[in-house]
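Encoded as structure tokens, the structure appears first; notes follow it.
Derivation of every value follows stated rules applied to the coordinates shown; laboratory data play no part. For clarity, every value in this text was computed on a predicted model and none was experimentally measured. Cβ: placed from backbone, ideal geometry, glycine included. Neighbour counts: every protein chain shown.
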Amino acid sequence: MAPHDGASLLRRGQKTRVVVIGPYLTDRAAPEASIRSREARLDEAVGLARAIDVEIVGQEIVALTQIRPATYLGKGKVEELAEKIKEAEAELVAVDCALSPVQQRNLEKAFAAKVIDRTGLILEIFGERARTAEGALQVELAHLTYQKSRLVRSWTHLERQRGGFGFLGGPGETQIETDRRLIQERMNRIERDLETVKKTRGLHRKSRRDVPFPIVALVGYTNAGKSTLFNRLTNAEVFAKDLLFATLDPTLRGLKLPHGGKVILSDTVGFISDLPHMLVSAFRATLEEVREADIILHVRDIAHEDSAAQSADVAKILAELEVDPHDHQRLIEVWNKVDLAAPEERVRLRGAASRRPAIERPCVVSAVTGEGLDDLLLAIETRLARGRAVLSVALEAGDGEGQAWLYAHAEVLSRASDESGRAFFQIRVAPEQQQRIQRRFPGAVTGQSRPRRARVKSPA
């Protein structure tokens, strides 16, 4: 079943007219205060809707003192919004919260329009963005999980009117149990396929561990500029656009560090507040690239008014992935988009970064202009050097095979030779590789000694 076999939110040839509603509890009613303003939350919801290329014909914040079980919103507000939706001739209403099936059904009846909640909207975006077979499977699994929860008998009288959205059109009047079974069977097949993907990724990671290249993973809030940074560092052409969730499928490229070392850079899916748990679960196979990474670059849009809140959301999702967001040995904060900040704000940001302890110091960069990228590469190199052993290896003049093996399996820091042509290498290896090197070259010793009167050469 393809991700969009059934009715879609998007009409052929023209854009769907959408009203975006942001129903947010007042500070007094909310169980915990949000560090985001309501306006910023609504702006993000509008951005999510725009990411599926619809026409926004209205947007409104609704302040709630309590959540109503039947419609989420109060009765008077539902009636008021129904009039506005009718006037705007909207066919779809995007509600920036998680609605129960009953709430969604009742709002659709009141608004005489399709209703989609935040989870459904994010799933729809993921369905539009997935490019690889794996990405499509992950999205479909999450979408099926979401739809399965909405197969309730009370919906049946609305199904012909709704038409459904995404790749499932909705259950028929006597088909609920059959559809639930079919959905579960499809989910089981997808999970088996994804297990195969997971094993394949595991084999790929093992093969990468057999070579000396560490993995550096980019993570961050959606639209923080990860793909632009990835392109700038690797001269790649990954899709990068001012859109939420522009990147879904992970991309790997080689990257050369200032002193000749190489790493594999991995671009990953963007995070977002209230990311549906089913999506975190569905994308776990992909996000294992983050868990396995030697260095994690947390890319922040430092010019965004909600940068601190976005950072907190990323930290929360990293913790869900069993990655310590405060492990400064492994995680480097990248304050991106500094080019969008006013001159005095740039000065303040650099000052704030410089006052942090060296191990916690963020790199202030612009992926667009290239500002600060040399410092970022140096920070990656410095962080990788910690905990990695430096060995000295001496090879006879004619041992070309040994030299080639070193370049293929270790990070060569320097090479020198004496008058007889004997070569002396300084190499850096991960702790788990040290014994392998010493088995291959029994004379290898820890340290950085060089032969007397040696001719020093830079690494090839």
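Side notes on the structure shown:
- Taking θ as phi - 60° and the Karplus parameters 6.51, -1.76 and 1.60, the scalar couplings of the stretch 341-358 work out to 7, 5, x, 5, 6, 4, 4, 5, 5, 5, x, 5, 5, 5, 7, 6, x, 3 Hz in sequence order, x denoting glycine and proline.
- Peptide packing for 345-355, 292-302 was compared via the average number of neighbouring C-beta atoms within 10 Å per residue; ordered from the highest value, the list is 292-302, 345-355.
- From phi via Karplus (6.51, -1.76, 1.60), per-residue ³J(HN,Hα) for the stretch 142-149 in Hz, x at Gly/Pro: 5, 5, 5, 4, 5, 5, 4, 5
- Rounded if a/c under 1.5, otherwise prolate or oblate - the stretch 271-371, Cα gyration tensor axes: prolate
- Sorting the segments 409-416, 358-365 by their residues' average number of neighbouring beta-carbon atoms within 10 angstrom, most packed first, yields 409-416, 358-365.
- Vicinal HN-Hα couplings computed from phi for the stretch 63-70 (Karplus, 6.51 cos²θ - 1.76 cosθ + 1.60; Hz; Gly/Pro x): 7, 10, 9, 7, 9, 8, x, 7
- Note: the stretch 17-162, Cα convex hull, 124 Å³ per residue.
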